[in-house]
Amino acid sequence: MRRENSKSLERRRARHDERGVALITTLLLLMLLTGLTLAMAWSSRSDMLVNGYYRNFRGSFYAADSGINVMRQAMIPLFLKGGAMYPTKFAVGTNPLPSPATETAVMALINGTYGSKSVTGNGTGPAAASWPGQYNGTLSFSLRSCTTDVPATPALCNPFPAKAKTVNYTYAYTITSVGTSKGTEKTTLVDSGLITFTATIPTPAKLSFAGYGMFIDQYNLCDGTTLVPGTITGPVFTNGSWNFGTGNYTFTDPLGQAGPTMGTSACPKGVTTPPANVTAQQGVALGQAKVQLPQNSFNQESAVLDGKGANPDGSARPQPTQSQLSNALRNISNTPYPSSGLVPPGVYLPYTPATKGSPATFNGGGIMISGNASVVLTPAANGTGQTYKITQGSTTTTITIDPASNTTVMSSGNTNLTISGVPHQFDPTAGTDLGYDTLLYVDGSITSLAGPGPGKPAIQDSTALTITAASNVTITGDILYKSEPVYGAPSNPASAQHPVDSLTGNDTGQALGIFTASGDIQMNVPTNSNLEIDASLATVSAGGTGGLINVGGTIGTLTIVGGRIQNDIKNIGANQRNVLFDKRFASGFAPPWFPSTGIAQGTTGASLNQPVVTRLQWLNRNSYF
């Protein structure tokens with residue numbers, strides 16, 4: 001009994017000694033869990049910090065990269081048409097690109113408009129913007145090189161070669177963009193490269209004087225003369241001032257003048273408002289810039305020899321020497337134009353004589369007549385050719401030019417010469433064959449120029465012809481197109497049913513120009529006869545005094561279908577005068593080798609190809625706090 005009691009007591013004592021172990025174990029486990037929790041929290045916080053830093057870093061990078069792309073793309077339109085760097089105007093001998101001051105202004109424009117912006121990305125997360133940020137950018141660029149098609153072009157094209165037709169530009173650019181996001185992180189990117197393009201400079205446009213319904217160079221205000229009443233269609237301009245008398249005047253197209261006032265019954269005081277008898281359907285423009293007159297935009301005599309009449313750069317050639325004429329021209333007897341000394345009256349053509357097995361071949365642009373001559377123009381009976389009947393004293397030479405058979409037939413007395421080919425006009429710069437065109441040049445006066453008779457056609461369909469004399473041209477009868485291109489002419493019976501000067505649709509390329517740089521176009525018809533001239537008439541040159549003048553009886557009604565261009569206003573001696581503008585001439589079409597004047601290059605634009613942007617360096621500087 002005692003032994004059992006003793007064992008029970010020992011067991012109770014042992015159990016009493018183990019009390020508190022569970023608490024310690026629990027505390028140890030709690031400490032372990034707390035440590036693990038802290039470690040996990042610290043690890044999570046570290047990951048969040050790292051991820052936040054990375055997010056903000058990437059946001060600042062994307063912001064900086066967006067800034068570079070935005071500013072680089074904004075540069076390109078500046079070099080395209082309408083852009084700030086597009087050379088809409090330039091002058092002869094100067095660089096068509098803007099000055100460095102313009103470059104500075106462009107940089108200010110880009111930097112001011114695109115140099116600082118907020119940017120956002122479109123992520124897939126719940127936020128509307130996955131990486132909001134902003135950038136501050138700076139653009140700089142300058143002309144690095146400039147070359148042209150002219151050899152030995154100076155550095156940076158300064159001075160610019162006046163004869164350059166193409167220019168190659170290379171600009172160097174640098175864009176520095178600093179991007180920031182929500183945090184303090186910043187990313188600096190630098191993009192450097194080149195912008196290259198080519199500017200093509202067009203040949204200065206020429207203003208053909210055939211584009212005027214009426215042009216008068218010298219017309220002084222209140223000089224005692226007045227315009228003859230009637231209708232004038234097409235653009236009308238004078239480098240002086242218009243003077244109006246009694247009767248009714250109708251101008252269907254713009255009426256302009258360089259003078260500030262017009263002459264009327266109020267003379268000697270000018271007025272700025274047209275009188276009641278003047279109807280200007282498209283308005284009046286006073287005080288306009290004067291139109292430059294041609295020294296001689298084409299050398300018509302030279303054009304007979306080779307069909308060009310100008311140098312490759314577009315400038316007019318000097319008069320051909322007698323030796324040059326001798327090398328190119330021959331008469332019906334195969335006799336060359338005299339190389340020196342007195343040149344007797346005669347008709348010459350630019351042709352190569354026939355050889356064994358080869359016919360004579362036409363080489364140039366037309367017909368050369370030495371001395372004074374009368375000329376009758378007639379459509380050839382075959383329906384395609386144009387005939388010229390040239391009379392000098394007792395000698396008559398007939399030339400029939402037929403583009404359909406590609407032959408030129410020259411006859412005088414019992415002698416006949418058939419030449420293979422017809423006159424052609426050639427582009428003086430490119431040498432391109434512009435097709436069948438004819439120039440008739442008289443180195444004296446044309447004493448009589450007319451068609452075959454009143455109301456009869458004189459100019460064959462498809463014939464484009466300019467008649468030029470070194471002195472006066474006297475028109476003695478109607479000169480009419482076979483197919484009238486303009487309604488309103490008395491020779492066209494259908495005119496009454498159509499608006500005046502509207503085109504008939506009978507456009508076969510027929511065109512007639514009558515031009516003298518140093519004489520007058522005279523009219524000499526019986527008193528009270530009506531006269532119709534289907535041509536653009538020009539008596540104009542720099543410093544010239546030529547005009548349209550009546551040296552015969554009073555004309556009943558004078559009708560000009562084409563235009564009237566002259567240095568000086570002179571007495572046309574007509575009771576009624578109508579000028580019906582050939583509207584085909586409004587779009588650049590004109591009689592061949594007709595006088596024209598260069599439009600200042602300051603109004604002519606160059607064309608640029610699409611700029612090419614080449615990146616040479618892209619630098620990502622280290623991010624920093």
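The values are calculated or read from the model by the stated rules, or taken from the named source; none is laboratory data. Because the structure is predicted, anything quoted here is derived from the model rather than measured. In this analysis, Cβ positions are derived from the backbone assuming ideal geometry, glycine residues included, and neighbour counts consider all displayed protein chains. Heavy atoms of the whole protein, side chains included, go into the accessibility calculation; ligands, DNA and RNA do not. Shrake-Rupley method; radii C 1.70, N 1.55, O 1.52, S 1.80 Å.
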Among the residues of region 242-263, what is the count of those that are within 11 Å of Gly287 (Cβ to Cβ) and in a loop (DSSP other than H, G, I, E, B)? 4
Checking the conditions here, which among Thr225, Thr203, Thr188, Thr184 is at pLDDT 85 or above and open to solvent by 30 Å² or more (accessible area, probe 1.4 Å)? Thr225
Single residue of Phe209, Phe244, Phe251 found to be of a type in the set (A, V, I, L, M, F, W, C) and touching a Phe, Trp or Tyr at 6+ places or on another chain (Cβ under 7 Å): Phe209
Take Asp534 and decide whether it is modelled with pLDDT under 95 and under 30 Å from Gln425 (Cβ atoms). no
Counted residues, region 287-308 - those being in contact with a Gly (Cβ under 7 Å, 6 or more places away or on another chain), within 23 Å of Ile565 (Cβ to Cβ), assigned to a loop (DSSP other than H, G, I, E, B) and open to solvent by less than 70 Å² (accessible area, probe 1.4 Å): 2
Any hit, region 416-433, residues being in contact (Cβ under 8 Å) with a residue 24 or more places away in the chain, under 19 Å from Gly371 (Cβ atoms) and of a type in the set (Val, Ile, Thr): no
Give all pairs with beta carbons closer than 8 Å in which a residue from region 346-364 that is in contact (Cβ under 8 Å) with a residue 60 or more places away in the chain and open to solvent by 70 Å² or more (accessible area, probe 1.4 Å) meets a residue that is among the hydrophobic types (A, V, I, L, M, F, W, C) and assigned to a strand (DSSP E or B); count only pairs at least 6 apart in sequence or on separate chains. Pro359/Ile419
Contact list please: Cβ distance under 6 Å, first residue in region 466-495 and without any contact (Cβ under 8 Å) to a residue 60 or more places away in the chain, second residue crowded, with 21+ Cβ neighbours inside 10 Å and of a type in the set (S, T, N, Q), pairs at least six apart or on different chains. Ala469/Thr516; Asn472/Gln522; Val473/Thr516
Here are some conditions: (1) closer than 27 Å to Ala458 by Cα; (2) within 31 Å of the chain's Cα centre (by Cα); (3) part of a loop (DSSP other than H, G, I, E, B); (4) of a type in the set (Gly, Ala, Ser). Gly314 meets all but one. Which one does it not meet? (1)
Among the residues of region 544-560, what is the count of those that are part of a strand (DSSP E or B) and touching a Ser or Thr at 6+ places or on another chain (Cβ under 8 Å)? 3
Identity of the residue in region 375-391, part of a strand (DSSP E or B) and open to solvent by 30 Å² or more (accessible area, probe 1.4 Å), that ends up farthest from Leu439 (Cα to Cα): Thr391
List the pairs whose first member sits in region 498-516 and is more than 14 Å from Thr468 (Cβ to Cβ) and β-branched (Val, Ile, Thr), whose second member is exposed (fewer than 14 other Cβ atoms within 10 Å of the Cβ) and at pLDDT below 95, and whose Cβ atoms are under 9 Å apart, counting only residues at least 6 apart or on separate chains? Thr504/Ala494
Given the residues Ser333, Ser339, which is the only one that is among the hydroxyl-bearing types (Ser, Thr, Tyr), over 24 Å from Ser448 (Cα atoms), touching a residue at least 60 places away in the same chain (Cβ under 8 Å) and open to solvent by 10 Å² or more (accessible area, probe 1.4 Å)? Ser333
Go through Tyr441, Tyr481, Tyr388, Tyr436 for me and flag whichever is modelled with pLDDT of 95 or more, under 22 Å from Trp593 (Cβ atoms) and in contact with a helix residue (DSSP H, G or I) (Cβ under 7 Å, 6 or more places away or on another chain). Tyr441
Restricting to region 497-540, what's the tally of residues that are assigned to a loop (DSSP other than H, G, I, E, B) and touching a Leu at 6+ places or on another chain (Cβ under 8 Å)? 8
Log entry, pairs with first residue in region 307-318 being charged (D, E, K, R), second being modelled with pLDDT of 80 or more and open to solvent by 20 Å² or more (accessible area, probe 1.4 Å), beta carbons closer than 6 Å, six or more apart or on different chains, reads Lys308/Phe426; Lys308/Pro428; Arg317/Asn311
